[in-house]
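A short write-up of the structure that comes next.
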Amino acid sequence: MSKQLSDRLLNPLKESMAKMFTTDYVQKILMTGEMSDENIRYAKIQWKASKDSYSELMKRAYSLAVTETDRKSLDVKAMNDKMTKYYDRFENELGGIAPELTARPMNGSAVDNVLTYYRELKRGSLLRILVIKLVANYVVYEIHEYLKRQPQYRPNVLANNMLFTDFDIKRALTVAKAMIDCNGAHISLAEGLELIQLAHDES
């Protein structure tokens with residue numbers, strides 16, 4: 001498989017991203033950042049779903065890494081510390097998350113994410129886990145880049161938090177792409193096609 005496997009994974013996603021840019025999520029919530037009751041309620045639900053989905057994935061991925069380079073790239077403790085601070089700050093900026101929301105079971109999207117993570121963990125493939133994280137970071141990065149090109153957009157609390165702008169997403173993409181290209185350099189054509197389908201399913 002080509003050393004540019006990561007590009008093969010992301011190129012087919014551009015059409016779905018174009019559709020994403022037209023959604024109310026991008027145009028009405030992220031674009032305006034209006035702290036209306038409706039937008040805050042939506043953001044709180046997303047906060048809950050995101051926190052539920054952020055499980056032991058990268059810690060497990062670390063256990064699958066066989067090279068020291070990969071282990072250093074998967075800096076689990078530092079990322080966990082950053083994510084904890086992120087969720088705490090976002091919660092405060094939303095005015096707190098009521099117990100009736102935090103006690104709620106995971107929503108369908110979060111459940112699907114967790115099931116996907118654990119399915120891939122069971123397969124024991126670091127490469128497949130990296131593909132999931134690559135797509136997640138790619139979607140966030142592309143939405144933010146789109147917003148920055150719009151004259152009516154101004155950075156705001158909702159967009160900053162829901163697009164993780166405090167994190168260096170571009171660097172995370174670069175690292176993930178490099179790891180995927182390295183770990184996927186010698187996979188078969190069939191395995192490459194499976195990864196492309198996985199990326200499509202995650203977009």
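Among residues of region 22-48 that are at positive phi, those with a Cβ under 9 angstrom from a residue that is part of a helix (DSSP H, G or I) and hydrophobic (A, V, I, L, M, F, W, C), sequence gap 6+ or separate chain, pair up as Gly33/Val157; Gly33/Leu158; Gly33/Ala159.
Taking region 142-174 as the range and being surrounded by 18 or more Cβ atoms within 10 Å (Cβ to Cβ) and not in a loop (DSSP other than H, G, I, E, B) as the test, the residues that pass are Glu142, Ile143, His144, Leu147, Leu158, Ala159, Asn161, Met162, Ile169, Ala172, Leu173. Within region 148-162, the set of residues being under 25 Å from Asp88 (Cα atoms) and not basic (Lys, Arg) comprises Pro155, Asn156, Val157, Leu158, Ala159, Asn160, Asn161, Met162.
Applying the set (1) farther than 22 Å from Leu163 by Cβ; (2) modelled with pLDDT under 75; (3) open to solvent by less than 80 Å² (accessible area, probe 1.4 Å) to Tyr54 leaves exactly one unmet item: (1).
Among the residues of region 177-193, the one identified as under 16 Å from Ala65 (Cα atoms) and loosely packed, with under 13 Cβ neighbours inside 10 Å is Ala185. Scan region 117-126 residue by residue and report those that are open to solvent by 20 Å² or more (accessible area, probe 1.4 Å), at pLDDT 75 or above and not in a loop (DSSP other than H, G, I, E, B). Residues satisfying the conditions are Arg119, Arg123.
Do we find a residue being of a type outside the set (Gly, Ala, Ser), surrounded by 14 or more Cβ atoms within 10 Å (Cβ to Cβ) and either over 25 Å from Asp24 (Cα atoms) or free of Cβ contacts under 8 Å to residues at least 24 places away in the same chain (or both) anywhere in region 130-140? Yes, because at least one residue in region 130-140 is of a type outside the set (Gly, Ala, Ser), surrounded by 14 or more Cβ atoms within 10 Å (Cβ to Cβ) and either over 25 Å from Asp24 (Cα atoms) or free of Cβ contacts under 8 Å to residues at least 24 places away in the same chain (or both).
Per the listing Asp112, Asp75, the residue uniquely open to solvent by 80 Å² or more (accessible area, probe 1.4 Å) and at pLDDT 70 or above is Asp112.
For region 90-109, the set of residues classified as modelled with pLDDT of 75 or more and either charged (D, E, K, R) or open to solvent by less than 50 Å² (accessible area, probe 1.4 Å) (or both) consists of Phe90, Glu91, Glu93, Leu94, Gly96, Ile97, Ala98, listed by residue number. Within region 1-53, the residues that satisfy the criterion of being assigned to a helix (DSSP H, G or I) and among the small types (Gly, Ala, Ser) are Ser6, Ser16, Ala18, Ala43, Ala49, Ser50, Ser53.
For the structure I just gave you, tell me whether Met35 is over 21 Å from Ser109 (Cα atoms), out of contact with any Phe, Trp or Tyr (no Cβ under 9 Å at 6 or more places or on another chain) and modelled with pLDDT of 85 or more. Yes: the conditions hold for Met35.
The values are calculated or read from the model by the stated rules, or taken from the named source; none is laboratory data. All values derive from a computational prediction rather than experimental measurement. Glycine also receives a Cβ, built like all others from the backbone with ideal geometry; neighbour counts cover every protein chain displayed. For the accessible areas, the whole protein counts, side chains as well, though only heavy atoms, and no ligand, DNA or RNA atoms are used. Shrake-Rupley method; radii C 1.70, N 1.55, O 1.52, S 1.80 Å.
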